[in-house]
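Here is the structure we will look at, set down as structure tokens.
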Amino acid sequence: MEPQMDMQQLFAAAQQMQEQLMNAQQALADAEVTGTAGGGLVKATVNGQGELLDLSIQPAAVDTDDAEETARTIADLVLAAVRDAYRAAEDLQQQQMGPFAAAMQGGGIPGMPGGLDLPSGLDLSGLGIGGPEPKPPQHPEPGDEGKPET
């Protein structure tokens, strides 16, 4: 039978987990991922939190003989590149935050020998952990607004 962990150890583990969580969140804010479309004609860069940081369109994407078709094509390529970048950001979020979600759903606190299964009803939300699982940020995908109706 495993010895019971005392409250001081529990709070130390919770504090350590909170620090790891804050570090992971900062790493996401600092990380940049790029999505591309059209074989690299359009590139969208977002941070790990899904904020659009940069958008580049290569001159080769522009057909000067058909401005209307070029505008539609570029709009489609921009949407595809931004969506690709958002997918990459979501993958990065899963990699960074996945262990914390597992710990809060009964997987234990990372780094604890044998894990630490928190008793149900124990609310550590005042320490920045536990409580209801935070919802992932909602990133509105560019919609059809501004597109000409066909």
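Exactly one residue among L92, L77 is at pLDDT 85 or above, over 12 Å from the mean Cα position of the chain (by Cα) and surrounded by 12 or more Cβ atoms within 10 Å (Cβ to Cβ), and that residue is L77. Whenever a residue of region 26-51 is free of Cβ contacts under 8 Å to residues at least 40 places away in the same chain, its partners that are charged (D, E, K, R), lying with C-beta atoms within less than 8 angstrom and at least six residues away or across chains, give the pairs K43/D54.
The single condition from (1) outside any helix (DSSP H, G or I); (2) open to solvent by 80 Å² or more (accessible area, probe 1.4 Å); (3) at pLDDT below 90 that G39 fails is (3).
Being surrounded by 17 or more Cβ atoms within 10 Å (Cβ to Cβ) and not charged (D, E, K, R) is a property that M7 lacks.
The values are calculated or read from the model by the stated rules, or taken from the named source; none is laboratory data. Computed from a predicted structure; not experimentally measured. Note: ideal-geometry Cβ built from the backbone for every residue, glycine included; neighbour counts use all protein chains shown. Remember, those area values only see protein heavy atoms, side chains included, never the ligands or the DNA or RNA. Shrake-Rupley method; radii C 1.70, N 1.55, O 1.52, S 1.80 Å.
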